[in-house]
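In what follows, a single structure is set out as structure tokens and then discussed.
The values are calculated or read from the model by the stated rules, or taken from the named source; none is laboratory data. Remember, it's a predicted structure, so these values are computed and weren't measured experimentally. Every residue, glycine as well, gets a Cβ built from its backbone with ideal geometry; the counts of neighbours run over all protein chains shown.
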Amino acid sequence: MSLKSVYHKVLPSWLRGKVGLGLLVESMMLRREREIVTRLACHAPFSVGNLPDRYTLTLGSAGSCYDELLGFVQSFDSGYTPALAQVLTPELHSTPQSELLNVLFERNGSDKSTTHDYHLLYGLALAMPAKISDILEIGIGSNNPKVISNMGEEGTPGASLYAWRDYFQAARIFGADVDRDILFSADRIQTFFVDQLDPSALAALAKELPGSLDLIIDDGLHSVRANLATLQMALSLCRPNGWIFVEDIYEPQEAFFGLLAWILRQEGIQSKLYKFTKQGMIFAVSPGRQLSDFPA
């Protein structure tokens, strides 16, 4: 809808001509700025300055918050070591297990080894599939464009679940997604609804699962709020030597996960960030392993 259409739709005929299009646009922009300042109140300056300046400062604070907080941690914690990402490349880190996963992901329509190189990490961390008995992946892969976490209309719902089933030949595979239309059941695969932004939905999902799991993968909404809520649930379910993997992390989120790694370490929980030649990073967590046990 064009601004001119909005102008004629919003204003009654008797006001048209008295209130210009420019004034209407300015009013709409101020309303949007006021809404953002209100929604991001934690980052907004509590001052009486003009709204456009407060809006600009609010966005600046929200955008740099985790970088500055991480810098603050580094300034007083002499024992803090930045969570530098481990880079995995096909030339140095390919294994028979990763190559098998590469084939299985591609065969089943998953982008974990086409768009990404995640099979390299999984081949190293999950090199003994017979020891894995219970798996959960959040994010089945909606192809509904109205679902914000969709993977496109050409995506294949359940692709990675089928790949995991092929790789872990004795494991139970559980999946969960916010799109109820793609939930399904198959041999050794069971799926459930979950909204990662709703703590009660995550709690309900936890009750449907075994008391503990060997592997939990967050491939859902890909927002730090969803990641935090899911990680809290995952830590309560993950076996001591199990793995939690948060997929599809990108550069603007590195500081957040660096800070999260420091917080986890205060509780004796080790974690590591992995980069790849292709796009996307993975944050790996294990509640009982030492950092030396992580793939390198």
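Within the stretch 99-119, take every residue that is out of contact with any helix residue (DSSP H, G or I) (no Cβ under 6 Å at 6 or more places or on another chain) and touching a residue at least 40 places away in the same chain (Cβ under 8 Å) and give me the one that is surrounded by the most Cβ atoms within 10 Å (Cβ to Cβ). Once the filter is applied, the top-ranked residue is 118. Of all the numbered requirements in (1) in contact with an Asp or Glu (Cβ under 8 Å, 6 or more places away or on another chain); (2) modelled with pLDDT of 95 or more; (3) closer than 20 Å to residue 244 by Cβ, residue 203 misses one, and that requirement is (1). Just to verify a result, which residue in the stretch 143-198, among those that are basic (Lys, Arg) and closer than 25 Å to residue 232 by Cβ, is farthest from the chain's Cα centre (by Cα)? Ranking the candidates gives 172 first. Evaluate the following for residue 66: is it under 25 Å from the mean Cα position of the chain (by Cα), in a helix (DSSP H, G or I), modelled with pLDDT under 85 and hydroxyl-bearing (Ser, Thr, Tyr)? Taking the combined requirement at face value, the residue satisfies it.
Exactly one residue out of 212, 223 is among the hydroxyl-bearing types (Ser, Thr, Tyr), over 20 Å from residue 89 (Cα atoms) and out of contact with any strand residue (DSSP E or B) (no Cβ under 7 Å at 6 or more places or on another chain), and it is 223.
Conditions: (1) within 12 Å of the chain's Cα centre (by Cα); (2) more than 29 Å from residue 68 (Cβ to Cβ); (3) not hydrophobic (A, V, I, L, M, F, W, C). Residue 225 meets all but one. Number of the miss? In the conditions (1) within 12 Å of the chain's Cα centre (by Cα); (2) more than 29 Å from residue 68 (Cβ to Cβ); (3) not hydrophobic (A, V, I, L, M, F, W, C), residue 225 misses (2) alone.
Out of curiosity, is residue 100 in contact with a strand residue (DSSP E or B) (Cβ under 6 Å, 6 or more places away or on another chain) and not polar (S, T, N, Q)? No, not satisfied. May I ask you to list pairs of residues, at least six apart or on different chains, whose Cβ atoms are under 6 Å apart, with the first in the stretch 247-270 being under 15 Å from residue 222 (Cα atoms) and surrounded by 19 or more Cβ atoms within 10 Å (Cβ to Cβ) and the second being modelled with pLDDT of 90 or more and among the charged types (D, E, K, R)? Listed by first residue and then by second, the contacts come to 247/219. Out of 209, 197, 205, 221, one residue alone is within 20 Å of residue 286 (Cα to Cα) and not charged (D, E, K, R). It is 209.
Every condition in (1) buried (at least 18 other Cβ atoms within 10 Å of the Cβ); (2) in contact (Cβ under 8 Å) with a residue 24 or more places away in the chain; (3) of a type outside the set (S, T, N, Q); (4) out of contact with any Pro (no Cβ under 8 Å at 6 or more places or on another chain) holds for residue 192 except the one numbered (2).
Conditions (1) under 17 Å from residue 282 (Cα atoms); (2) assigned to a strand (DSSP E or B); (3) in contact with a Lys or Arg (Cβ under 8 Å, 6 or more places away or on another chain); (4) outside the structural domain of residue 246 (by TED's automatic domain parsing), marked per residue:
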| residue | (1), (2), (3), (4) |
| --- | --- |
| 97 | no, no, no, no |
| 100 | no, no, no, no |
| 114 | yes, no, no, no |
| 123 | yes, no, no, no |
| 130 | no, no, no, no |
| 136 | yes, yes, no, no |
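Residue count for the stretch 261-296 under the criterion of being assigned to a strand (DSSP E or B) and among the polar types (S, T, N, Q): the result is 3. One residue is enough: does the stretch 21-41 have a residue meeting the conditions assigned to a loop (DSSP other than H, G, I, E, B) and at pLDDT 65 or above? Yes, the stretch 21-41 has at least one match.
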